[in-house]
Amino acid sequence: KSKALAEPVNFNKSDIKDAIVRHLHCSLGTDENKANNHAWWKAACAAVQEQVLERLRRTQKSHYLNDTRAVHYFSAEFLMGRLMSNNLHNLGLFEITDQALQELGVSLTDIMEEEPDMALGNGGLGRLAACFIDSLATMELPAVGYGIHYEHGLFRQEIKNGAQIERPDSWRDYGNPWEICRPESIQEVSLYGYVETKYGENGRIQKEWHPGSIVKGIPWDIPVVGFGGKTVNVLRLWESQASNYFNWDVFNAGGYVDAQSENVQAETISKVLYPNDETEAGKELRLIQQYFFCACSLKDIIRRYKRAHGDDWSRFSDQVVIQLNDTHPAIAIPELMRILVDRAELGWDDAWEICSKTFAYTNHTLLPEALEKWPARMIEKILPRHLEIIYEINFRFMAEVEKMWPGDNKIKQKLSIIEEGNQKMVRMGNLSVIGSFAVNGVAEIHSKLVKKNLFPEFDQMWPDKLTNVTNGITPRRWLKACNPDLSALIDKKIGNDWPVKLEKLNDLVKFADEAKFQKDFMKIKLKNKVALAKEVKSLTGIEIDPKAIFDVQIKRLHEYKRQHLNLLHIMALYRRLLENPSYDMEPRVFIFGAKAAPGYKLAKDIIYAINMVAERINNDERVNKKLKVVFLPNYRVSLAEKMIPAADVSEQISTAGKEASGTGNMKLSLNGALTIGTMDGANIEIAEEVGEENIFIFGLTVEEVDKLHAQGYNPYDYYYNNAELKAILDWLETDYFTPGKPGALSSLKYSLLDGGDPYLVLADFDAYSKAQHKVDLAYRDTKNWARMAILNCARMGKFTSDRSIRDYVERIWKLDACKVDE
Ligand code: 26W
């Protein structure tokens, strides 16, 4: 056995050194003297990847020999971030690699900065998928992630004169050392064309789809290393390519140039991630992306199933469960029906039986503008056979609705997959519920609202179908790897198995009052704040005081998340300080990270407003000892890993009922930040865990929000009744923050007054401001603050993504772990 593939237990520092140097020489063609950080990073990745691939091979062999049932996680997004630190930690090789590199005169921390983020996702939904595949591998569960190999991930954000500009993300420009191309598993996918109806000998109607175009799907595998390094699953991402098969016709007919343009079209499919988060765009290319990766993935799954079970479909749903991450992959439902009915020639009922035992669907949002609907005409053009199948599914489903509610056309209209109107629309949410055996929301309150408001009749029809699985986060990335000092302190106090048994953090509770532990805990927080302050200085030029409260709001920019509520309060503090220079407050730095969808005008206006207010405050000597505002550009996973360990306060201030769960809230609390938040999403469960004395809850509840809307909400009531609020909103219309450009911030004021303030910012302002005052007072009691921070960390056990996965396994997937033979 070669030295490079040595067992991990025997794999020591000098083996790692040898492997890195060997790759420097033999893979990169350079040497120790010439290599820059980028080359060192690549060589180190290659050395780690050898270990990863050996374990991947063993995992695949074990799964094959045991003919395991597996979950297939279909997601248009996987927000993986960087993989080097994660893989080293999960393999247990971090420390010795660090030392090995030191001996080679190289800093691991420095070379890890060379790795571009794999930003193949927008936000919460994509990052959740990444945490889930980490947990699946850690728990030794057979699982495959399926998605799209976007050439460009989420745009890179630059801030120019306060405004967001979008630049293409080119994460793969210098290659991705973690991925492996699998040309042996290329798939072909059909698009466009027409459906021919034929009559078979037995009089049976046969449908044949004659596609107008065929594209190839090239699979790229990213190994997913479980903690402990035993199971290595794969994330399989499909890249589109023109299929030469189709283009030869055009080519031979003398259409050389046209053939080239067909190439461009096919390759467009996986070019770029749609940057919309929670707004449905209805674009043709997006539907093609969704179908493309679902069709490739289904073919891949079926090929693997047939290798073990031949043409016997009876065991398909015993071996295969497919989890739909929101409705983005819902087109997989009619696609599987098409394969079973048209290709395998199963009867409709048998096919439907298999199909509806295979799929399960997770809902991530209640916002009406995020619920996907496709024009029936668009589906007809791109996927003519699928539209027929959708109509057939709907026709049979309507008969069931008729049985349950005879003659009730209102309910039929509501539950139909097809929305009637001047243009027929296909509702992907309804299709997903009807075609799945389980549907879940992502936090208790969210799942309740899914049942009560979004799908109440479906819940009546199938009382056990709708359930809850509260989200979680992987503590490997979001504590162990990103906050090494705190992790070491925790190891010292309670042992080192908390990364796989997060409820063990509870053992820290007994140290929460211990002065020494409080000091150690807060010393690490301060050290992390010093490091972030340095980063802030180098990214923005702004100097911040690590002793000030670091108040952090990091998430996509959206009205419902209410970054502008935070901003209004910052302006209130500023105004109080100007009116009363001795206004008593703890020094505070408000830190934002947020990307706005490029077409979301008001979200971009809010980013601009934050930056203009920040500029004025940071340069105002009257207040900038006490108040600073930082907007860190290009928020992404790797930046989150630096911000979260340094946060004192976590802003989770969405309008109640709007944030399905949130997961940043869990990461921040786990790292000892105290939450100021509304009774929304997982905040409610966080409050339940940490205790209401260790969290700052404020604002309207879901019931109060509903009531206020029902009685007719008028933002002017709050404007005229709160002099401070009025002054702040009027301030936005002056040129105080935008010298020479009065009105540059007025869209914000407009949206909150004449625009109707749909997310009740003004209604919650006073309660928020008071809660912030409590935060300020609490911070002055250093010991109690330390105690609260410790208790937050100690009581986050519930929010490990391992627990989420356990819930999925027990309630939905019914999977068994599979030990990998060494
Ligand atoms: C079609 C456009 C579109 C794109 C993305 C609609 C909806 C989405 C996602 C569902 C948005 C999203 O990321 N939702 C977030 O999912 C997280 C994981 O469950 C939750 O924690 C967040 O609360 C939810 O906003």
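The values are calculated or read from the model by the stated rules, or taken from the named source; none is laboratory data. Remember, predicted model here, so these are calculated numbers, not experimental data. Glycine also receives a Cβ, built like all others from the backbone with ideal geometry; neighbour counts cover every protein chain displayed.
A few points about this structure:
- Within the range 366-384, residues that are closer than 23 Å to GLU208 by Cα reach partners that are within 16 Å of the ligand (Cβ to nearest atom) and hydroxyl-bearing (Ser, Thr, Tyr) with beta carbons closer than 8 Å, at six or more positions or on different chains, in the pairs ILE382/TYR291; LEU383/TYR291.
- Of the residues ALA597, ALA572, the single one that is touching a residue at least 12 places away in the same chain (Cβ under 8 Å), under 21 Å from the mean Cα position of the chain (by Cα) and either in a helix (DSSP H, G or I) or in the same structural domain as LYS741 (by TED's automatic domain parsing) (or both) is ALA597.
- Only one of the listed residues (ASP169, ASP173, ASP134) is outside any strand (DSSP E or B), surrounded by fewer than 16 Cβ atoms within 10 Å (Cβ to Cβ) and among the charged types (D, E, K, R). That residue is ASP173.
- Residue within the range 585-606 that is of a type outside the set (Gly, Ala, Ser) and in contact with a Cys (Cβ under 9 Å, 6 or more places away or on another chain) present: no
- Residue list for the range 359-376, restricted to those being away from the ligand (no atom under 15 Å from the Cβ) and surrounded by fewer than 23 Cβ atoms within 10 Å (Cβ to Cβ): ALA376
- Here ASN624 fulfils each of the conditions (1) farther than 30 Å from LYS523 by Cβ; (2) over 29 Å from the mean Cα position of the chain (by Cα) apart from (1).
- Long-range neighbours under 9 Å by Cβ, at least six apart or interchain, first residue outside the structural domain of ILE214 (by TED's automatic domain parsing) and within 14 Å of LYS216 (Cα to Cα) within the range 278-307, second within 15 Å of the ligand (Cβ to nearest atom) and in a helix (DSSP H, G or I): none
- Across the range 440-481, the number of residues qualifying as in contact with a strand residue (DSSP E or B) (Cβ under 9 Å, 6 or more places away or on another chain), closer than 15 Å to GLY657 by Cβ and away from the ligand (no atom under 16 Å from the Cβ) comes to 1.
- The range 68-88 - residue that is small (Gly, Ala, Ser) and within 22 Å of SER436 (Cα to Cα) and, of those, nearest to the ligand (Cβ to nearest atom): ALA76
- Those helices (runs of 4 or more DSSP H) lying entirely in the range 703-810 with at least 2 residues among the aromatic types (Phe, Trp, Tyr) and under 35 Å from the mean Cα position of the chain (by Cα): 761-780
- Selection status of LEU578, surrounded by fewer than 16 Cβ atoms within 10 Å (Cβ to Cβ), at pLDDT 95 or above and closer than 15 Å to LEU627 by Cα: yes
- Search result, residues across the range 176-193 that are farther than 30 Å from PRO633 by Cα and surrounded by 12 or more Cβ atoms within 10 Å (Cβ to Cβ): ILE180, CYS181, ARG182, SER185, ILE186, GLN187, GLU188, VAL189, SER190, LEU191, TYR192, GLY193
- Number of residues in the range 271-284 that are more than 16 Å from LEU154 (Cα to Cα) and away from the ligand (no atom under 13 Å from the Cβ): the value is 1.
- SER650 vs. criteria within 23 Å of GLU115 (Cβ to Cβ), away from the ligand (no atom under 13 Å from the Cβ) and either assigned to a loop (DSSP other than H, G, I, E, B) or among the small types (Gly, Ala, Ser) (or both): no
- Residue that is nearest to the ligand (Cβ to nearest atom) [pool: residues in the range 106-131 that are closer than 17 Å to ALA43 by Cβ and in a loop (DSSP other than H, G, I, E, B)]: PRO116
- Residues (in contact (Cβ under 8 Å) with a residue 24 or more places away in the chain, assigned to a helix (DSSP H, G or I) and under 30 Å from THR231 (Cα atoms)) located in the range 491-529: LYS493, LEU502, GLU503, LYS504, LEU505, ASN506, ASP507, LEU508
- When TYR150, TYR146 are checked against the criterion of being closer than 18 Å to ARG82 by Cβ and either crowded, with 23+ Cβ neighbours inside 10 Å or more than 14 Å from the chain's Cα centre (by Cα) (or both), a single residue qualifies: TYR150.
- Of all residues in the range 271-321 being outside any helix (DSSP H, G or I), among the β-branched types (Val, Ile, Thr) and under 18 Å from LYS357 (Cα atoms), the one that is farthest from the chain's Cα centre (by Cα): VAL320
- Test: residue in the range 240-254 that is at pLDDT 95 or above and more than 30 Å from LEU502 (Cα to Cα): yes
- The residue that is surrounded by the most Cβ atoms within 10 Å (Cβ to Cβ), among those in the range 669-690 that are assigned to a helix (DSSP H, G or I) and away from the ligand (no atom under 13 Å from the Cβ), is SER669.
- One residue alone among LYS534, LYS523, LYS516, LYS510 is touching an Asp or Glu at 6+ places or on another chain (Cβ under 9 Å) and charged (D, E, K, R), and that residue is LYS523.
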